[in-house]
1. With the requirement that a residue be charged (D, E, K, R) and closer than 18 Å to residue 61 by Cβ, what does region 166-187 give you?
2. In this structure, does residue 85 turn out to be at pLDDT 75 or above, assigned to a strand (DSSP E or B) and in the same structural domain as residue 187 (by the TED database)?
3. Suppose we keep only residues that are open to solvent by 50 Å² or more (accessible area, probe 1.4 Å) and assigned to a strand (DSSP E or B) within region 99-130. Which one would you say is farthest from residue 165 (Cα to Cα)?
4. Consider region 73-127. How many of its residues are of a type in the set (Lys, Arg) and within 22 Å of residue 149 (Cβ to Cβ)?
5. Which members of region 148-198 meet the condition of being part of a loop (DSSP other than H, G, I, E, B) and either open to solvent by 20 Å² or more (accessible area, probe 1.4 Å) or in contact (Cβ under 8 Å) with a residue 60 or more places away in the chain (or both)?
6. For region 88-98, how many residues are at pLDDT 85 or above and open to solvent by 80 Å² or more (accessible area, probe 1.4 Å)?
7. Quick test of your reading of the structure: residue 79 fulfils all but one of (1) at pLDDT below 85; (2) farther than 30 Å from residue 114 by Cβ. Name the failing condition by number.
Amino acid sequence: MELSSEELAFFKDIFAEPSSECQLNEQKHQLSVQTTIPSNLKKVLGNSKLTLLAEISHYQLWFPVSLSISSQGEFLPELGIPEIIDVQGHQRSWRVTTLDNVSLINLCQNKEVEILSLSGTGVTFKAKGISKDVHALGNSALEMRLPDHESVKLAIDPVRSDDDIVAAKFKNIEQGRESLRKFLYHSHKKQYSDLYQDIIL
């Protein structure tokens, strides 16, 4: 995304005050504004024009930001649900491996598939007896059931299989992406509550 010189000047004025770094529990936390979105996040974050990057330990939380104008002419920023990136080692979407109350259903066979890990971009699952024809899974009708009874219909693109373990990326999850991101964000906050204890997001 390219910003005009007027837009850049506007943001420069907004954020001209001293850096918003704060010292919490002897750890430095920073918030920064990015005018470009990393290419690997563009599809995940959708049509967001602005993002807020919060760095917590070795995690980056990319919040989509929308701006509206109040009746008094004031800007009203609204943070969306973040995509969580683990920057330790390879930069990739954070994966949750403790999946209570989450299921993946193969609707064609009305059969539940055991999920091993889940991220905003893909899933790893156990598919007993079908890894020989793993690419046929890409054409299967799948539904993920998240806590709070939310269902997400999705299509996958298998990328590798080893014995009965299949790793796949999502190729169509647009309608449920926000629900999935919300689930992952709450799981991350629960698993790493010590990182969030002095941060209000």
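1. So the first thing to find is which residues in region 166-187 are charged (D, E, K, R), and the list is 169, 171, 174, 177-178, 181-182.
Answer for region 166-187, where residues must be charged (D, E, K, R) and closer than 18 Å to residue 61 by Cβ: 177, 178, 181, 182.
2. Values: at pLDDT 75 or above: yes; assigned to a strand (DSSP E or B): yes; in the same structural domain as residue 187 (by the TED database): no.
For residue 85, the condition - at pLDDT 75 or above, assigned to a strand (DSSP E or B) and in the same structural domain as residue 187 (by the TED database) - is not met.
3. In this case the residue turns out to be 111.
4. Filtering region 73-127 down to residues of a type in the set (Lys, Arg) leaves 92, 95, 111, 126.
Now narrow it down to the ones that are within 22 Å of residue 149 (Cβ to Cβ): 111.
Residues in region 73-127 being of a type in the set (Lys, Arg) and within 22 Å of residue 149 (Cβ to Cβ): 1 in total.
5. Of region 148-198, the ones part of a loop (DSSP other than H, G, I, E, B) are 163-164, 173, 192, 197-198.
The answer is 163, 164, 192, 197, 198.
6. Of all residues in region 88-98, those at pLDDT 85 or above come to 88, 92-98.
Filter again for open to solvent by 80 Å² or more (accessible area, probe 1.4 Å), leaving 88, 92, 97-98.
Adding up the residues that qualify gives 4.
7. Going through the list (1) at pLDDT below 85; (2) farther than 30 Å from residue 114 by Cβ, residue 79 breaks only (1).
One line per residue, one yes/no per condition, for (1) at pLDDT below 85; (2) closer than 26 Å to residue 85 by Cβ:
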site: 102; (1), (2): no, yes
site: 107; (1), (2): yes, no
site: 140; (1), (2): yes, no
site: 148; (1), (2): yes, yes
site: 154; (1), (2): no, yes
site: 165; (1), (2): no, yes
site: 181; (1), (2): no, yes
site: 187; (1), (2): no, yes
site: 192; (1), (2): no, yes
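The values are calculated or read from the model by the stated rules, or taken from the named source; none is laboratory data. Please read all numbers here as calculations on a predicted model, not as lab measurements. Methodologically, a virtual Cβ is constructed for each residue, glycine included, from the backbone with ideal geometry; neighbour enumeration extends over all protein chains shown. When the accessible area is computed, the model is the full protein with side chains, heavy atoms only, and any ligands, DNA or RNA have been set aside. Shrake-Rupley method; radii C 1.70, N 1.55, O 1.52, S 1.80 Å.
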